[in-house]
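The values are calculated or read from the model by the stated rules, or taken from the named source; none is laboratory data. Values in this document were obtained by computation on a predicted structure and should not be read as measured data. Here Cβ is always computed from backbone atoms with ideal geometry, including for glycine, and neighbour counts include all displayed protein chains. Remember, those area values only see protein heavy atoms, side chains included, never the ligands or the DNA or RNA. Shrake-Rupley method; radii C 1.70, N 1.55, O 1.52, S 1.80 Å.
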Amino acid sequence: MRWTWWLAILLVALVAASVWYLQAPPRTVGSYRDRAASTTEALRSQVQTARLWVGALEDGDATRPAASVAFREAEADAEAALSRFAGYKPPDTTDELRSEVTVVGREVTLALAALKLAADRGEWDDLPRLADPLEPLARRLQALERATER
């Protein structure tokens, strides 16, 4: 019985430590770079999701209401990821990295916002043109993610 009790306490402590580690601000250059890589990956995921939805609409494989919700969620998720990263205090020597991630992140959120607004306004024919910046943004994010992981 005591063995089970101590095992349960240890398990709860491990879970709490894991949650704290994932939520705690990065304190080292390495952990900051890891968070930058995670942020660029999250942003790229939202960009690629929006691209897929635009393509599905063009092909007639998605409904407009579903795409509208997808664009809204993509923008919100990208803004949340960028906001979380921008809220971290960058360790010494990482100011340039912070700037690169936040600049491209702002471009991503603006591009996703344009898609969301066009969908909300019913400007469906404008979506392919508004999606043009997404592929270059996805490539920039992927390159930044790779450079960050070095």
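Rolling a 1.4 Å probe over the protein heavy atoms of the range 30-150, with every protein chain left in place, gives an accessible area that is 46 percent carbon and sulfur. Extension gain, Asp92 to Trp124: 0.36 nm times the residue separation minus the Cα-Cα distance gives 7.0 nm.
Take each peptide in 100-106, 113-119, 61-67, count the other Cβ atoms within 10 Å of every residue, and average; sorted highest first, the result is 113-119, 100-106, 61-67. Karplus-based coupling profile of the range 88-95, in residue order and whole Hz: 6, 7, x, x, 3, 6, 10, 4, with θ = phi - 60° in 6.51 cos²θ - 1.76 cosθ + 1.60 and x standing for Gly or Pro. In terms of its C-alpha gyration tensor, the range 58-132 comes out prolate, because a/c is 1.5 or above and the ratio a/b outweighs b/c.
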